[in-house]
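Please read the structure below before turning to the comments.
The values are calculated or read from the model by the stated rules, or taken from the named source; none is laboratory data. It should be emphasised that the depicted structure is a prediction, and the values quoted were computed from it without experimental measurement. Virtual Cβ from ideal backbone geometry, glycine too; neighbours counted across all protein chains shown. To get the accessible areas, we keep the full protein, side chains included, count just its heavy atoms, and leave off ligands, DNA and RNA. Shrake-Rupley method; radii C 1.70, N 1.55, O 1.52, S 1.80 Å.
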Amino acid sequence: MCGVIGLRCARDRADLGEVASRLLRMLEYRGYDSTGAAIQTAAGKVTLLKDVGSPTVVTKKLAIGALPGKIFCGQVRWATFGAVTRENAQPHEARCKTHLYGAHNGNITNCDQLKDWLTSQGHKVLSDNDGEMLVHTVEHFFAKELARRGRDAVKAGGRASLPASGKALAGREAALKAAILAAARKMVGSYAAVVVDPVTHLVAAIKAGSSLYMGVGHDEAHGPFTIASSDLASVLSLTKILLPIKENEFAFYTHDSVRFFHLRTGKELKRKPVRSRLKVEETELSEPYRYFMQQEIFSQPAAVAKVISLFLRRSDLLALAERLGRRHPAAARTARETVARLASRAHADRLKTDFLGFLESPEAAGLKAMAARPGAVLKAEGFESSMGGFLEELAALAPKGLAPVVRLLDGFCLLEEADDIGRRSDEFVSRIVRARRSGGSVYLLACGTSFHAAKCAAVFFNKIAGVRVTAMLPGDFRAESSGSLRDGDLVIGISQSGETKDLIDVIDLIRATRKRVGVVTVLNNVNSTLALEKADLYLPLFCGPEIAVPATKSFMNQLAVLYVLALKTGEKTRPGPETRRRLDNLLKVPVLLEETGSSTRQSLEAAAQSLFLEPSIHILATGMQGVAKEGALKVREVVLNHTEGYEGAEFKHGPNTILGVNTVFGLEAVRSVLARFARFSAELAAEVDLPAAGLARLYKAVAERAFSDVPAAALDQVEKEAFERVVERGGLFESLYTNYPLVFVTGPSERDVNLTISQINTHKIRGADIYIIAEDHPSLRDAVCRPHPDRFGRKYRSGCIRLPRTDDDLLPFFTSTLALQLLALRMSVAKLGLLDKLKIAGHGVHPDSPKNVSKSITVD
């Protein structure tokens, strides 16, 4: 995966380089192997700057921020085709037959064949990068089309000039359209791209299997603009007005016009602007947080509360809107239509004029009368609907005393959302019950963190609704189950981004079978490919933007939404007091998460300090394998320590061989053996007269002795004598051997506690340090904290992270998840600080953007 951006402004702006640098840094989570920017002025000058390195480094190193201009095409790269070199960095500029520049995100899998073909056609290809093949391929067909349309157009295409006008401009646009259609037929793979014609200043945005978002806006100082980007947050940082672009479509755009076409047929398409409901401020780091991961962990109670509010209709404002909507349906409809109309306004002045005009209109009179009635709900601060960010803008424009009217608008928007969620939830339940009654199979398909949520959901549906659902990775489903699909089966895909390539591919495979298999998706980005193009039905997560690469609040909201869906299914399959008890328990989750964050601070910090240098860890859960796997993934992602998540009882079936003497050595062990070397040196210096060179040879011999019977180092007689003394003393390498850390997670049931205690005692005596994340239980605490003798004399370490009491077997899925997230965060911060202090370059440890991973995997 990579990230691509194309920004077209109305005229030159002195700060375009600064804007470009900021946008590139926003995409850093998508790629940091190389960074590049092509910036063109209104006069036609194109400056291409690119190099190996992250946006944070390269934008400063190349002074991209100092460039003025009118058009910006940028890219951040996570290398797939071509090594990490400057030549393979993007954007690419092609001048072989005409002049174009551009960049892409994704994979063009016939890259090598395209390079051979392009070379045979006279193109000078400078890299092995598939992005360059794309630009040259479009350039090749563009030149052919221009030649077909006349020599004058070819001459104009040979150099950058002021924008053409009239017939000539239309001819170049038609030629570029034909070139993009021809290039799409030539290329194989999944990609999104931005290509610029430097003559007409026309920008093309292409979506062919990878994520791409478009937006239009108006800057007070610089006028209208249009932006395309692989990253939604970068678009939202400039505008909230989006133009949906679907798979196999492309768009031509200037600063104030956008035309859409189908990538296979060339047919022109119509698109209406929509306002994003994500809050821009959620893409910014706020005090007192130092990292996005930290901020997003502590935002989870509010995010889960929103799920409960909408899915279970638990909100005072919603209840008021529902009551008023029944009495005054026309007023409620007017409120919703007004918000939708105002939300499409990109220009701030026009928005203000239209909103104030609405407040003076007869239609607003009824809303004013309703809002004037006494009631604390309309006087409360904050907005609850997904239009809250936009309504905050309206509240700032509203005359004094009319803020309750805006709050009432929020209530009617919230009612519309709750009604929509109710319909979607009912349809989901209908589909899953229908599949169960017909004997069909229900699959939960997901990757990474979302797969771990699917594993948890399988427990929820089993225990709450008595429905068996099978959680699988897309690759495993393709290999193990795709050939046995039957009419009536149901597939539920889970994704934060809605752009997960593995999931998209397997849904395409399911569609190709032509069997009557339902496809439902649960996702955060409702403007995504999986929501708009691949699913029969989607359900939103409502967790807002998530900036840190490691998923936290999206996982928590996946748990909450899937729990609610299991509850609603259980109301049909197992109606009764137990299902109602489960519902009441869910209402406690936001408070339990708050309490977990505050009450575990000291114990988690102590555990993090004890664990952050451990080279390998196992997290063992009883009946919560999805939680163990997710906790392990968080540690692997942000601490870069090898960590595995297991069902607790499974550890004794082979993995327990790592306990006791092993060769898993971390920084702590290396530090220990170096300290012992230093002590031996001091003792030898007092006993044997050894020069520095002899001491160095002795060290080498001792090290080699550890791995072979005879040291290879040549020693003189004095050095041999010293060597024998070291060997006789022994114990030099025993300091490398440490207890192996096991982190147990369990619910409060006596069965689970007793199973965990048995496992703790089994592994502790074989050389394990034990840490527990659980609700307080005296026997469990004794099993963990009571030390035991060790034949190697190693110090036993332990830790108890006490979770809030729930007396429930499913609520610990939420509380233990938050504890594991915080543990990973604190371990990451500790290790980051140490490695930076040791000046270890490129270590890749970071809570927000660890090495080798990105937010949305959009390549195969």
DSSP bridge orientation in the chain - percent antiparallel, rounded to nearest 5: 60
Unit charges at the beta carbon, dipole of region 1-43: most positive-side option, 7, 17, 37: 7
Additional length obtainable on full extension of the chain from residue 838 to residue 599, 0.36 nm per residue less Cα span: 82.8 nm
Given charges at Cβ of Lys, Arg, Asp, Glu: region 465-525 dipole, positive-most of 474, 495, 485: 485
For region 532-607: accessible area per residue (Å², 1.4 Å): 36
For the chain, calculated [θ]222 nm from helices alone, where every DSSP H run of n ≥ 4 adds -39500 (n - 2.57): -14500 deg cm²/dmol
Percent breakdown of C-alpha pair distances by 10 Å bin, ordered from the shortest bin, for region 10-100: 19, 49, 28, 4
In region 749-858, the trypsin sites (Lys or Arg not before Pro) that fall in loop regions by DSSP, at most 11 other Cβ within 10 Å: 791, 795, 839
Whole-angstrom gap from region 430-492 to region 534-551, using each part's C-alpha centre: 19
Rounded if a/c under 1.5, otherwise prolate or oblate - region 32-153, Cα gyration tensor axes: oblate
Peptides ranked, highest mean first, by Cβ atoms within 10 Å: ranges 57-67, 32-42: 32-42, 57-67
Probe 1.4 Å - accessible area at residue 137, Å² to nearest ten: 0
Solvent-accessible area per residue for region 165-312 (1.4 angstrom probe, square angstrom): 36
Region 521-607 shape via C-alpha gyration tensor axes, a/c threshold 1.5: oblate
Highest to lowest packing among 307-314, 419-426, 556-563, scored as the average C-beta count within 10 Å: 556-563, 307-314, 419-426
Dipole magnitude of region 551-603 about its Cα centre (Cβ charges: Lys, Arg +1; Asp, Glu -1), debye to nearest 20: 160
Loop GluC sites (Glu not before Pro), region 315-413, which have at most 15 other Cβ atoms in a 10 Å radius of their Cβ (DSSP): 360, 381
Spread of Cα-to-Cα distances over 10 Å intervals beginning at zero, given as percent, for region 456-533: 17, 48, 33, 2
Volume of the Cα convex hull of region 566-646, divided per residue and given in Å³: 123
Probe 1.4 Å - accessible area at residue 513, Å² to nearest ten: 50
Inverse mean reciprocal Cα-Cα distance (Kirkwood Rh) of region 168-303, Å: 16.6
Separation of alpha-carbon centers, region 739-757 and region 29-100, rounded to whole Å: 52
Equivalent ellipsoid, region 503-658 (semi-axes from 5 times Cα gyration tensor eigenvalues, Å): 32, 23, 18
Computed magnitude of the charge dipole of region 472-519 (debye, nearest 20; Cβ of K, R +1, Cβ of D, E -1): 260
Three-way shape call for region 277-361 based on the alpha-carbon gyration tensor, with the a/c threshold at 1.5: oblate
Ordering of 401-414, 526-539 by burial proxy (mean other Cβ atoms within 10 Å per residue, highest first): 401-414, 526-539
Among the listed pairs 115/207; 45/186; 186/851; 70/272, those beyond 28 Å (Cα-Cα): 45/186; 186/851
Residues residue 350 and residue 650, FRET efficiency given R0 of 60 Å [Cβ-Cβ distance, rounded to 0.05]: 0.45
Distance between modelled label sites at residue 749 and residue 486, nm, 7 Å Cα→Cβ extension: 3.0
Separation in nanometres of the label points that stand 7 Å from Cα toward Cβ, at residue 66 and residue 47: 0.8
Translational diffusion coefficient (Stokes-Einstein; Kirkwood radius from C-alpha pairs) of region 225-366 at 4 °C, 1.567 mPa s, in µm²/s: 69
Cross-link reach list, lysines versus residue 306, counting only Cα pairs under 22 Å and skipping chain neighbours closer than eight places: 240, 279, 379, 553, 568, 588
Contact order normalised by residue count of the chain, Cα under 8 Å, 6+ apart, percent: 10
Accessible surface of region 24-137, 1.4 Å probe, proportion on carbon and sulfur as whole %: 53
Cα extents of region 398-530 along the three principal axes, largest first (Å): 64, 31, 28
Principal semi-axes in Å for the chain [√(5λ), Cα gyration tensor, largest first]: 50, 40, 25
Selection from 664, 538, 787 lying farthest towards where the dipole of the chain points positive, charges on Cβ: 538
Dipole magnitude (debye, nearest 20) for the chain, charges at Cβ of Lys, Arg, Asp, Glu: 2420
Protein accessible area in region 436-589, 1.4 Å probe - carbon and sulfur %: 45
Over region 746-855, volume per residue of the alpha carbon convex hull, in Å³: 144
Cα centroid separation, region 198-242 to region 258-335 (Å): 21
Accessible-area value, residue 358, 1.4 Å probe, nucleic acids and ligands omitted, Å²: 10
